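Below is one structure; the comments refer to it alone.
The values are calculated or read from the model by the stated rules, or taken from the named source; none is laboratory data. Keep in mind that what you see is a predicted model, and the values were worked out from it rather than measured. Note: ideal-geometry Cβ built from the backbone for every residue, glycine included; neighbour counts use all protein chains shown.
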Amino acid sequence: MLPGRHLAEMIHEESFTMDTKRIAILYGGRSGEHDVSRISAASVFSHLDTARYECVLIGITLEGVWYLQD
């Protein structure tokens, strides 16, 4: 279960415009590559054009718990 705001609420927010694409970056997970995934997600996020994309960050802990990052 995701703590905080429900993902469906974020998808339907009024701040979303048709000119801006909303994307999700999933990272982490129950894998030996957990830290590599976190670093890769941070790199992708830092290079996004915020004028074109609104990003929703979704993390997965080593235990498999999914969460929204604010």
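Can you tell me how many residues in segment 51-70 are of a type in the set (S, T, N, Q) and either in contact (Cβ under 8 Å) with a residue 24 or more places away in the chain or out of contact with any Gly (no Cβ under 6 Å at 6 or more places or on another chain) (or both)?
Selection size over segment 51-70: 1.
Go through the residues of segment 2-20 one by one and say whether even a single one is modelled with pLDDT under 95, part of a strand (DSSP E or B), of a type outside the set (Phe, Trp, Tyr) and under 14 Å from the mean Cα position of the chain (by Cα).
Among the residues of segment 2-20, not one is modelled with pLDDT under 95, part of a strand (DSSP E or B), of a type outside the set (Phe, Trp, Tyr) and under 14 Å from the mean Cα position of the chain (by Cα), which makes the answer no.
Please go through segment 29-50 and give me each residue that is touching a residue at least 24 places away in the same chain (Cβ under 8 Å) and surrounded by fewer than 13 Cβ atoms within 10 Å (Cβ to Cβ), ordered by number.
ARG30
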